[in-house]
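For reference, the structure discussed in these notes is given below.
The values are calculated or read from the model by the stated rules, or taken from the named source; none is laboratory data. What you are looking at is a predicted structure, and each value in this text was computed from that prediction instead of being measured. We place every Cβ from the backbone using ideal geometry, glycine too, and count neighbours over all the protein chains shown.
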Amino acid sequence: MILIRLPTPNWILKVNHILEKEKIPHQIIPTPKELDPSCNLSILIDEIVLEQTIQLLETNEVPVDDLLRVSNEI
Amino acid sequence: MIYLDNAATTYPKPEKVIETINFHLRNLGGSTGRGQSQWAIEISRKVYDVRTKVAQLLGVNDPLRVIFTYNATYAINMVLKGLLKPGDRVILSSMEHNAVVRPLRNLEKRGVELVFIPCNAEGVINLDTLRNQARQGAKLITVLGASNVSGTIQPIAEIGKISYDNDILFLVDGAQLAGFEPVEIDNWHIDAFAFTGHKGFYGPQGTGGVVLSSRLASLLEPLIEGGTGSKSEEEYQPVFLPDKFESGTLNSTGIIGLGAGIDFLLENGMDTIASHERMLRDYLIENLEMEKSINMFGLLDSQKTTGILSFNVKNQDISTITNILDRVYGIMVRGGLHCSPLAHKTLGSFPYGTIRCSFSHFNTQDELLYFSQSLKEILRRG
């Protein structure tokens, strides 16, 4: 699984909206505190859709903080 | 009771708005952008959906350029006080509401120069004078989209072109225009469009905001700073939108209600509602124009106005008439200056102001017939 980190929950919601529109399966989850101590959220996607997601993020000028490979249990 | 004060706030609110707010208050605890619970996420999603609706309705692609505030006045203050510095020149129309005039008069004391562009007796801005003043340079042009006194709609697209051609930022007070006519913020070169949620959008009071251009957003200092739910480890305000300008807990209940109001507007058709209000305005003009003691202000052509009609009565006190209408006939209109002394000076109704009737989707011809008959009865009695 890939965890997408963005600077603010508002950006997460924007990405959520974009992915929903494109019917890309994803999940909004609390960002693990060791990655971000604030109340931020992250988006979790399957690696299969990573390339498509990156393309969408670039097209929509979304400033990604991090893309992290994480375990399925997160 | 008959309610004809929709320019102050629309009433009744659509059932859908009431139900949505009720549901939200009963069933969803949490705060948008704060916390990571499923409810907090759900509320955040709903608020984001409303950003999307506002953005689409006002002609911008990026919902994150929509900044929520508590009303249009707050949004206007945010722009004026966050942007203007001593020595800056600001061009404004002679129809502006005190939401714009008062903060600017305060800034004038600190060295901001104000240039007033005259409007004609119908409230329409003189574009030639504006063009000439814009050529001399300014930091900002600010014009209201439609008058809260006469309903006169300003040529916003043309003013935007003048701003753009002269590299001047452009602020629109859209309190009366938003929800009445289509607005194209980006195509019209608007850098800041202030809106309110409780008028043409049929939402609750305490909602509103401003849509910012990227170039203005980067220049603007926030009016308040504080917690945003993002970058909490940092002691400095975030610079990205909308967080830069949205410190403190948002009125998520109200914003979600605003979203339901926008849904109502779109389901019924903004054009259809505007046509209905214009039909009512024409009907009222028709009913009152034979009364010689009544003096109407602004444009009589309702195709160039919102659903507002202002008038006064020769040798009669406005407050007395509005009070009798209210207490005896159960009709609520607004009498006075409507927080817009400058507009009344332009229209010729200063210092006593006007009786203002303003309509919504829910008003009917029968109500206006009753209003006209009641008013005529009052006038006959003297």
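Name every residue in the range A:10-26 that is surrounded by fewer than 16 Cβ atoms within 10 Å (Cβ to Cβ) and either charged (D, E, K, R) or facing chain B (nearest Cβ under 10 Å) (or both), in order of residue number.
Matches in the range A:10-26: A:E20, A:K21, A:E22, A:K23.
On the basis of being in contact with a Gly (Cβ under 8 Å, 6 or more places away or on another chain), farther than 25 Å from B:P118 by Cα and at pLDDT 95 or above, does B:I378 make the cut?
Numbers: in contact with a Gly (Cβ under 8 Å, 6 or more places away or on another chain): no; farther than 25 Å from B:P118 by Cα: yes; at pLDDT 95 or above: yes.
In short, no.
For the range A:28-50, which residues satisfy the criterion of being closer than 15 Å to A:R69 by Cα and facing chain B (nearest Cβ under 10 Å)?
A:I29, A:T31, A:S42
Go through the residues of the range B:300-310 one by one and say whether even a single one is basic (K, R), under 15 Å from B:T152 (Cα atoms) and either surrounded by 21 or more Cβ atoms within 10 Å (Cβ to Cβ) or not assigned by TED's automatic domain parsing to the domain that holds B:G179 (or both).
Yes.
Could you say whether any residue in the range B:17-36 is within 23 Å of B:Q176 (Cβ to Cβ) and either more than 13 Å from chain A (Cβ to nearest Cβ) or in contact with a strand residue (DSSP E or B) (Cβ under 9 Å, 6 or more places away or on another chain) (or both)?
yes
When you go through (1) away from chain B (no Cβ under 14 Å); (2) outside any loop (DSSP other than H, G, I, E, B); (3) surrounded by 15 or more Cβ atoms within 10 Å (Cβ to Cβ) one by one for A:Q55, which number turns out not to apply?
All conditions are met except number (3).
What are the pairs, 6+ residues apart or on separate chains, where a residue within the range B:225-239 that is within 17 Å of A:T31 (Cα to Cα) and within 10 Å of chain A (Cβ to nearest Cβ) has its Cβ under 9 Å from a residue that is β-branched (V, I, T) and assigned to a loop (DSSP other than H, G, I, E, B)?
Between residues of the range B:225-239 that are within 17 Å of A:T31 (Cα to Cα) and within 10 Å of chain A (Cβ to nearest Cβ) and residues that are β-branched (V, I, T) and assigned to a loop (DSSP other than H, G, I, E, B), the close pairs are B:T228/A:T8; B:G229/A:T8; B:G229/B:T32; B:S230/A:T8; B:K231/A:T8.
Looking at B:F201, B:F264, which one is part of a loop (DSSP other than H, G, I, E, B), aromatic (F, W, Y) and at pLDDT 95 or above?
Going through B:F201, B:F264 in turn, the sole match is B:F201.
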